[in-house]
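Engineer: First the structure, which I've put down as structure tokens, then a few questions once you've had a look.
The values are calculated or read from the model by the stated rules, or taken from the named source; none is laboratory data. Small disclaimer: the values here were computed from a predicted structure and weren't measured. Glycine gets a Cβ as well: all are built from the backbone with ideal geometry, and neighbour counts include every protein chain shown. The area values use the complete protein model at the heavy-atom level, side chains included, leaving out ligands, DNA and RNA. Shrake-Rupley method; radii C 1.70, N 1.55, O 1.52, S 1.80 Å.
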Amino acid sequence: MVKLDRTVLEESVTDTTYRKYDSNLPEKVLQIGEGNFLRGFVDWMIHQMNKQGIFKGSVVAVQPTPHGRVLPKLKEQDWLYTVILRGITDGKKVDEAEVIPAISRGINPYEEWEQTLKVAESDELELIISNTTEAGITYMQEPYHSDSSPLSFPGKVTALLYHRYKHFSGDVKAGLHILPCELIEENGGKLKYIVKRIARDWNLPSGFLRWLETANRFYDTLVDRIVTGYPKSNAADFASRLGYEDAFFTVGEPYHLFCIDGPAEIKQVFPLDQAGLRVKWGDIEQYRELKVRLLNGPHTMMASAGYLAGADTVLDVMKDKSLRLFVERGFEEIGEALPFGDQEKRDYAEEVKQRFLNPYNQHYLQDIGMNAVNKFKSRLLPTLSRYIEKTELLPNSIILSLAAILVYFRPVHMNEHGIVGRRNGKNYQTRESELVSKVLANCWEEYEQEKISIEEFVFAVLGNRAIWDEDLNEIEQLTQTVSSYVRQIISMGMKETLTQMLQKNYSSLT
Ligand SMILES: NC(=O)c1ccc[n+]([C@@H]2O[C@H](COP(=O)([O-])OP(=O)(O)OC[C@H]3O[C@@H](n4cnc5c(N)ncnc54)[C@H](O)[C@@H]3O)[C@@H](O)[C@H]2O)c1
Ligand SMILES: O=P(O)(O)OC[C@@H](O)[C@@H](O)[C@H](O)[C@H](O)CO
């Protein structure tokens with residue numbers, strides 16, 4: 001079977017919008033990152049605008065880490081890939097595939113720094129967009145060499161902006177719009193803060209710091225679309241349906257929302273709304289809070305608990321009676337702790353549940369469960385504390401999900417990627433930060449060697465300030481409750497623990 005490239009696109013696509021599509025559009029976007037999400041969301045949006053003759057710009061994708069595997073393979077496909085959107089919208093089935101020609105080329109900055117700097121010199125450039133995961137927007141002390149790429153993402157942004165500043169002799173008109181899409185609070189503000197800190201580390205001139213402040217705009221954003229990425233289990237079906245192979249089939253849901261905290265000016269530069277895309281301008285805090293708590297929160301809750309109970313995907317969880325009840329209860333506990341109107345919370349939760357019930361998306365719990373401890377900390381811990389404050393009760397479903405995370409990271413052994421766990425006689429790979437993996441592996445080892453009890457194991461993990469920035473043992477009854485769930489999961493399995501927890505605490509639900 002043929003592989004996707006320009007020839008395949010030109011020969012097979014009958015859609016006249018493609019024929020009109022200009023493949024030599026000016027490179028208006030420098031994109032740091034080339035992952036599933038950027039391809040299935042931002043680049044897809046740029047293509048939607050271009051098809052309508054609105055944005056008229058293309059994307060130069062820059063590899064954010066030294067060991068990227070995406071760009072060399074994408075180059076073999078002439079930078080093309082297919083976005084497959086599947087789901088139910090307004091009660092109707094959506095199942096559409098589209099080749100996205102928004103990326104004009106990709107650059108490995110570690111090998112082609114000169115070329116990366118050339119992009120920063122371009123008159124055509126207007127925007128920097130990124131998604132480097134939550135780990136990307138992090139300060140790292142590193143040296144400045146004008147002839148080689150910094151290692152970190154903020155380091156690259158600093159070096160590229162400094163080069164642009166020098167090239168245009170500090171012209172304010174050369175400033176850029178910077179839209180980071182990493183899912184952290186105040187992503188634009190944090191990136192700007194780190195860039196300024198790095199500029200000071202590197203002793204860059206004060207004129208640059210002024211230009212950074214006055215000529216450039218860093219926007220806080222919130223992005224929302226479930227992009228499950230490459231369809232591991234049915235890629236061959238898509239290939240035979242479409243008549244070509246694509247190493248970057250990118251599957252996602254039709255739903256999308258891009259919230260950008262910015263003034264009218266950015267609407268003109270990046271006219272998403274004119275193309276009929278779902279975008280909100282202005283204060284994003286409310287959307288962020290609802291989304292991170294009521295979408296990412298339940299995802300994190302179900303990942304380890306669902307996986308240990310035998311489910312592989314979000315849909316498996318939603319279709320299983322007790323897991324579904326556990327998730328429903330999770331929505332209630334999270335909603336209880338959120339400061340929004342009841343109707344608004346209910347409507348949002350209902351919409352999210354429908355998205356989780358998308359019959360087409362295979363959203364793997366193990367992918368969602370990556371960095372589960374860190375995600376629990378940012379997405380569920382604030383909810384847990386607020387729930388206790390408000391109700392003076394313990395949110396048992398959220399606490400059970402924490403216990404499940406600890407058991408999920410129980411090692412049979414370690415490898416170079418982290419802890420390897422075991423479910424139903426089969427090993428699985430976990431991914432967490434080195435710190436979390438080490439702490440959990442050490443504590444579990446002490447338990448396995450019978451040096452400590454389950455309570456002492458839980459006490460040691462919850463008390464680790466390097467992980468939590470606080471001692472979670474100080475939350476009344478938390479250590480005891482988590483310990484009791486961990487013990488039950490180990491002795492009678494996840495499914496039975498869930499069932500008993502629901503029966504005991506929420507008899508009206510079961
Ligand atoms: N997939 C989704 O449904 C979705 C939806 C909304 C938001 N997001 C956000 O997007 C992020 C990426 O998701 P994805 O599905 O594209 O994953 P992905 O694995 O396909 O891409 C991750 C990208 O981040 C880069 N990266 C990883 N660690 C980095 C670091 N320390 N410094 C710089 N770059 C680093 C990788 O090189 C890669 O380009 C997630 O962390 C999530 O916060 C994802
Ligand atoms: O992408 P992560 O790993 O930060 O979180 C997993 C999911 O919760 C997340 O990808 C959602 O699907 C997404 O945030 C929806 O917009």
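Engineer: Take the stretch 358-397 and flag every residue that is away from ligand 2 (no atom under 12 Å from the Cβ), in contact with a strand residue (DSSP E or B) (Cβ under 9 Å, 6 or more places away or on another chain) and more than 18 Å from Ala305 (Cα to Cα).
Structural biologist: Selection gives Pro359, Tyr360.
Engineer: May I pose another question? Kindly check whether there is at least one residue in the stretch 48-71 that is more than 16 Å from ligand 1 (Cβ to nearest atom), part of a helix (DSSP H, G or I) and of a type in the set (Ser, Thr, Tyr).
Structural biologist: no
Engineer: If you don't mind, there's one more thing I want to ask. Checking the condition assigned to a helix (DSSP H, G or I), assigned by TED's automatic domain parsing to the domain that holds Ile419 and open to solvent by 60 Å² or more (accessible area, probe 1.4 Å), which residue from Glu350, Glu328, Glu289, Glu333 passes?
Structural biologist: The unique qualifying residue is Glu350.
Engineer: In the list Gln77, Gln52, Gln48, which residue meets the criterion of being modelled with pLDDT of 95 or more and more than 23 Å from the chain's Cα centre (by Cα)?
Structural biologist: Among Gln77, Gln52, Gln48, only Gln77 is modelled with pLDDT of 95 or more and more than 23 Å from the chain's Cα centre (by Cα).
Engineer: Restricting attention to the stretch 388-399, does a residue exist that is in a helix (DSSP H, G or I) and more than 24 Å from Gln500 (Cα to Cα)?
Structural biologist: Looking through the stretch 388-399, at least one residue is in a helix (DSSP H, G or I) and more than 24 Å from Gln500 (Cα to Cα).
Engineer: Right, next: Looking at the structure I just gave you, is Arg355 without any contact (Cβ under 8 Å) to a residue 24 or more places away in the chain and either assigned by TED's automatic domain parsing to the domain that holds Leu472 or of a type in the set (Val, Ile, Thr) (or both)?
Structural biologist: When the stated conditions are applied, Arg355 does not pass them.
Engineer: Yes or no: Tyr230 open to solvent by 50 Å² or more (accessible area, probe 1.4 Å) and either touching an Asp or Glu at 6+ places or on another chain (Cβ under 8 Å) or closer than 19 Å to Val99 by Cβ (or both)?
Structural biologist: yes
Conditions tested, residue by residue: (1) surrounded by 14 or more Cβ atoms within 10 Å (Cβ to Cβ); (2) at pLDDT below 95; (3) away from ligand 1 (no atom under 16 Å from the Cβ); (4) farther than 30 Å from Gln354 by Cα.
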position	(1), (2), (3), (4)
Leu204	yes, no, yes, yes
Gly207	no, no, yes, yes
Phe238	yes, no, yes, no
Asp246	yes, no, no, no
Phe249	yes, no, no, no
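Engineer: Still on this model: Can you pull out the residues in the stretch 262-278 that are out of contact with any helix residue (DSSP H, G or I) (no Cβ under 7 Å at 6 or more places or on another chain), over 15 Å from Phe41 (Cβ atoms) and not in a helix (DSSP H, G or I)?
Structural biologist: Of everything in the stretch 262-278, those that are out of contact with any helix residue (DSSP H, G or I) (no Cβ under 7 Å at 6 or more places or on another chain), over 15 Å from Phe41 (Cβ atoms) and not in a helix (DSSP H, G or I) turn out to be Gly262, Pro263, Gly276.
Engineer: Please count how many residues of the stretch 355-385 are surrounded by fewer than 18 Cβ atoms within 10 Å (Cβ to Cβ), more than 26 Å from Gly418 (Cβ to Cβ) and modelled with pLDDT of 95 or more.
Structural biologist: Total satisfying the criteria: 2.
Engineer: Could I ask something else about it? Can you list residue pairs whose Cβ atoms sit under 6 Å apart, with the first residue in the stretch 403-417 being in a loop (DSSP other than H, G, I, E, B) and the second being open to solvent by 20 Å² or more (accessible area, probe 1.4 Å)? Count only pairs 6 or more apart in sequence or on different chains.
Structural biologist: Val412/Arg422; His417/Gln429
Engineer: Please give the number of the condition Glu134 fails out of (1) closer than 16 Å to Pro66 by Cβ; (2) surrounded by fewer than 19 Cβ atoms within 10 Å (Cβ to Cβ); (3) within 19 Å of the chain's Cα centre (by Cα); (4) not hydrophobic (A, V, I, L, M, F, W, C).
Structural biologist: Here Glu134 clears every test but (1).
Engineer: Might you check whether a residue that is modelled with pLDDT of 95 or more, within 16 Å of ligand 2 (Cβ to nearest atom) and open to solvent by less than 30 Å² (accessible area, probe 1.4 Å) occurs anywhere in the stretch 422-443?
Structural biologist: yes
Engineer: If you take the residues of the stretch 209-258 that are in a helix (DSSP H, G or I) and either among the hydroxyl-bearing types (Ser, Thr, Tyr) or within 16 Å of ligand 2 (Cβ to nearest atom) (or both), which of them is farthest from Val2 (Cα to Cα)?
Structural biologist: Thr214
Engineer: OK, next. Please work out if Arg241 is out of contact with any His (no Cβ under 6 Å at 6 or more places or on another chain) and under 27 Å from Gly91 (Cα atoms).
Structural biologist: yes
Engineer: For the stretch 251-261, which positions are of a type outside the set (A, V, I, L, M), open to solvent by less than 10 Å² (accessible area, probe 1.4 Å) and more than 9 Å from ligand 1 (Cβ to nearest atom)?
Structural biologist: Hits for the stretch 251-261 are Phe258, Cys259.
Engineer: Those residues that are closer than 15 Å to Val486 by Cα and open to solvent by 20 Å² or more (accessible area, probe 1.4 Å), I need them from the stretch 446-461; list them, please.
Structural biologist: Those that are closer than 15 Å to Val486 by Cα and open to solvent by 20 Å² or more (accessible area, probe 1.4 Å): Tyr447, Glu448, Ile452, Ser453, Glu455, Glu456, Phe459, Ala460.
Engineer: Do we find that Asn442 is assigned to a helix (DSSP H, G or I) and over 19 Å from Arg329 (Cβ atoms) in this structure?
Structural biologist: yes
Engineer: Search the stretch 216-234 for residues that are at pLDDT 95 or above and pair each with any residue that is hydroxyl-bearing (Ser, Thr, Tyr) when their beta-carbon atoms are under 6 Å apart and the residues are at least 6 apart or on different chains.
Structural biologist: Leu222/Tyr287
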